[in-house]
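Structure, as structure tokens:
The values are calculated or read from the model by the stated rules, or taken from the named source; none is laboratory data. Remember, it's a predicted structure, so these values are computed and weren't measured experimentally. Virtual Cβ from ideal backbone geometry, glycine too; neighbours counted across all protein chains shown.
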Amino acid sequence: MVRLSLEELYKEVILDHYRAPRNKGRLDPHDVALERNNPLCGDEIELFVKFAGDDVEGIAFEGKGCSISQASASMMTEKVQGLPAKDAQLVAESIKRMMAGEEEGDVETLGDLISLKGVVKYPVRIKCALLGWNTLLEALEEGGKTSS
Amino acid sequence: MSMDVDVIRKDFPIFETPANGKPLTYLDSASSSQKPRQVIDRIVRFYETENANVHRGAYQLSEMATAAYEGAREACGRWIGSPSRNIIFTRGTTESINAVRFTWANQNVGAGDEVLVTEMEHHSNLIPWQLLTQEKGATLRHLPIDDEGLLRMDLLGEYITERTKLVALPLMSNVLGTINPVAEVAAAAHAAGAKVVVDAAQAAPHIKVDVAELDCDFLAYSSHKMCGPTGAGVLYGRIELLEEMPPFMGGGEMIREVWADRATWNEVPFKFEAGTMNIAQAVGMGAAVEYLEALGEDAIRDHEVRLTKYAMGRLEETGAIIYGPKDVSKRGGVVSFNLDDVHPHDLSTIVDQHGVCIRAGHHCAQPLMRRLGVPATARASFYVYNDERDVDVLIDAMAEAKGWFA
Ligand SMILES: Cc1ncc(COP(=O)(O)O)c(C=O)c1O
């Protein structure tokens, strides 16, 4: 994969979701609502998840913070909406491994999300990018939908 | 005497190394300053020619090390208008403040008493007092600031009561830049029988600090923010208090005589310096004082006032919101701001591509961020090696960030 410059990362990946976040707002009714933040930067998100059986039927978020944290959360909701919970978990774990530099990132699993890899070059921003994903994993666990 | 930044910059080897392929534009000295060759060389010379433990060996090398260490104490006292006897070496401001907590405050603050801080505290002058008051069943109060970031001196009478035992405040805020009227606060505190702890971490590197003029009881500052190495700092204390206070940490060097079950203490200030100290760092801190003395306190202040005025003007042109006093005579060279929709973290990452280092975040002052109603700010801070060109590079880089987000 071609490495993105910071400008490309922002212009081609981040800013679209930052300006027009998908699934932004509350989701009612929901099965799980979780508020998490990055104390170091003050990024915040509140995630709402509704399950239908073992599927993520609905997902939405509220939040404020830097563009990477909010855009990544938006991309996350777009990706996992309608997925079986166990697939959502696989995607989230795959993103985390990619961000930790443990794997290259699998295009099959991640699709467009692979572009988030551009953030790896900016180590202090990785936790911004992971805020939504970590919150998702916690929400799946709280909903009793995680498998190990 | 005005300062020649081109000459000064040559003293700082860090500027020879590019940042992200660009010349380094270092605007984060409030966090930690860069080090001049004079200080680096002094530390190297200490290790290469004078190194031994201090106050111990009856041999010439140890005497040389002791002379270097005590010479540094002299310089660090001189920098704040104090004899060297009142100067205790610590690891930095944080340790100095905690030393007061575990000694004087531990003995003198009890249930029902009050400790007063301000709404603009750095966590290192807040958490120790939270811990102390929680442990003692005392009350922690916060003197409010106004919307310009100045202390509400009109409320001082309400906040200092006969129950107030301690007032702890910064001489200069690391977020707002505000220079506080510490002497006035100290007068009110003393009239009520309270003692005063001054956090001079931001002030000591940049403005004239005189413990007699401030009339404070304790004062803390750090080496690493004033051209010195990390791992060194100072606690100044009024001599009567230091004499009466219990030791901070126990161990070697701080004792006079030791029996199996008890001990007596060494004289002040050694009573508060347990174990082998950061000797080379203290020597480096002394060299930093000498470096700054040669530049001149007044020249440093004049330079920073001019630069801060310029920076605030240029930042205003970008539409940024600037926090803290508008009047540069009431503030230091620390400028916190927010730029429209560009989050401080995005801004910091983007300007970094241009070799510009600014701070983004809560600056270890979360209660102050809440008071300002923002989760974070960007912050540019200046020192002797900065000038208008650094501000221009920042402003150009900000314009790019703004463009991306437009
Ligand atoms: C106002 C203020 N107080 C205290 C500190 C803590 O200093 P140190 O980390 O050197 O102990 C700082 C440094 O960031 C500061 O700006």
Every residue from region B:250-264 that is touching an Asp or Glu at 6+ places or on another chain (Cβ under 9 Å) and not β-branched (Val, Ile, Thr): B:Glu253, B:Met254, B:Arg256, B:Ala263
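Within region B:120-174, track down each residue that is part of a loop (DSSP other than H, G, I, E, B) and either under 17 Å from the mean Cα position of the chain (by Cα) or closer than 16 Å to B:Val197 by Cβ (or both).
Narrowing region B:120-174 to residues part of a loop (DSSP other than H, G, I, E, B): B:120-122, B:126, B:137-138, B:144, B:146-150, B:152, B:160-163, B:171, B:173-174.
Scanning region B:120-174 gives B:Met120, B:Glu121, B:His122, B:Leu126, B:Ala138, B:Ile160, B:Leu171, B:Ser173, B:Asn174.
Filter region B:204-228 down to the residues that are within 12 Å of the ligand (Cβ to nearest atom) and more than 13 Å from the chain's Cα centre (by Cα) and list them by number.
Residues of region B:204-228 within 12 Å of the ligand (Cβ to nearest atom): B:204-206, B:219-226, B:228.
Matches in region B:204-228: none.
Tell me which residues, restricted to region B:253-275, are assigned to a loop (DSSP other than H, G, I, E, B) and surrounded by 14 or more Cβ atoms within 10 Å (Cβ to Cβ). Quick ask: steps written out before the conclusion?
Taking region B:253-275 and keeping what is assigned to a loop (DSSP other than H, G, I, E, B), we get B:253-254, B:259-262, B:266-269, B:273-275.
Within region B:253-275, B:Glu253, B:Met254, B:Asn266, B:Val268, B:Pro269, B:Glu273, B:Ala274 meet the criteria.
Counting only residues that are charged (D, E, K, R), in a helix (DSSP H, G or I) and farther than 24 Å from A:Cys66 by Cα, which one in region A:115-148 is nearest to the other protein chains (Cβ to nearest Cβ)?
Filtering region A:115-148 down to residues charged (D, E, K, R) leaves A:117, A:121, A:125, A:127, A:138, A:141-142, A:145.
From the residues that got through so far, the ones that are in a helix (DSSP H, G or I) too are A:117, A:121, A:125, A:127, A:138, A:141-142.
Narrowing further to those that are farther than 24 Å from A:Cys66 by Cα: A:141-142.
On the way: A:Glu141: 27, A:Glu142: 25 Å.
Residue satisfying both the conditions and the ranking: A:Glu142.
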Of residues in region B:187-216 being in contact with a helix residue (DSSP H, G or I) (Cβ under 6 Å, 6 or more places away or on another chain) and over 29 Å from B:Arg306 (Cβ atoms), the one surrounded by the most Cβ atoms within 10 Å (Cβ to Cβ): B:Val197
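Can you tell me which residues in region B:198-222 are among the acidic types (Asp, Glu) and in a loop (DSSP other than H, G, I, E, B)? Spell out how you get there, then give the answer.
Step one: of region B:198-222, the residues among the acidic types (Asp, Glu) are B:199, B:210, B:213, B:215, B:217.
Residues satisfying the conditions are B:Asp210, B:Asp215, B:Asp217.
Considering region B:276-299 alone, what residues qualify as being among the aliphatic types (A, V, I, L, M) and either in a helix (DSSP H, G or I) or surrounded by fewer than 17 Cβ atoms within 10 Å (Cβ to Cβ) (or both)? Walk me through how you get there before you give the answer.
Start the filter on region B:276-299 by keeping residues that are among the aliphatic types (A, V, I, L, M), which leaves B:277, B:279-280, B:282-283, B:285, B:287-289, B:292, B:294-295, B:299.
B:Ile279, B:Ala280, B:Ala282, B:Val283, B:Met285, B:Ala287, B:Ala288, B:Val289, B:Leu292, B:Ala294, B:Leu295, B:Ala299 - these are the residues of region B:276-299 that are among the aliphatic types (A, V, I, L, M) and either in a helix (DSSP H, G or I) or surrounded by fewer than 17 Cβ atoms within 10 Å (Cβ to Cβ) (or both).
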Given (1) under 21 Å from B:Val334 (Cα atoms); (2) within 13 Å of the ligand (Cβ to nearest atom); (3) in contact with a Leu (Cβ under 7 Å, 6 or more places away or on another chain), index of the condition B:Asn174 fails: (3)
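Yes/no per residue for (1) basic (Lys, Arg); (2) over 25 Å from B:Phe270 (Cα atoms); (3) buried (at least 23 other Cβ atoms within 10 Å of the Cβ):
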residue: B:His55; (1), (2), (3): no, no, no
residue: B:Gly77; (1), (2), (3): no, no, no
residue: B:Pro83; (1), (2), (3): no, no, no
residue: B:His142; (1), (2), (3): no, yes, no
residue: B:Arg152; (1), (2), (3): yes, yes, no
Odd one out for B:Gly21 among (1) within 14 Å of chain A (Cβ to nearest Cβ); (2) within 16 Å of the ligand (Cβ to nearest atom): (2)
Residue list for region B:87-119, filter: within 16 Å of the ligand (Cβ to nearest atom), assigned to a helix (DSSP H, G or I) and in contact with a strand residue (DSSP E or B) (Cβ under 7 Å, 6 or more places away or on another chain): B:Thr93, B:Glu95, B:Ser96, B:Ile97, B:Ala99, B:Val100
Test: residue in region A:1-16 that is more than 14 Å from every other protein chain (Cβ to nearest Cβ), without any contact (Cβ under 8 Å) to a residue 60 or more places away in the chain and surrounded by fewer than 18 Cβ atoms within 10 Å (Cβ to Cβ): yes
Filter pass, B:Gln134 being within 16 Å of the ligand (Cβ to nearest atom), modelled with pLDDT of 95 or more, under 19 Å from B:Val100 (Cα atoms) and among the polar types (S, T, N, Q): no
Any pair with Cβ under 9 angstrom, 6 or more apart, that starts in region B:223-247 at a residue that is in the same structural domain as B:Val196 (by TED's automatic domain parsing) and part of a strand (DSSP E or B) and ends at one that is within 11 Å of the ligand (Cβ to nearest atom) and charged (D, E, K, R): B:Gly233/B:Arg91; B:Gly233/B:Glu95; B:Leu235/B:Glu95
All positions within region B:175-192 that are hydrophobic (A, V, I, L, M, F, W, C) and in a strand (DSSP E or B): B:Ile179
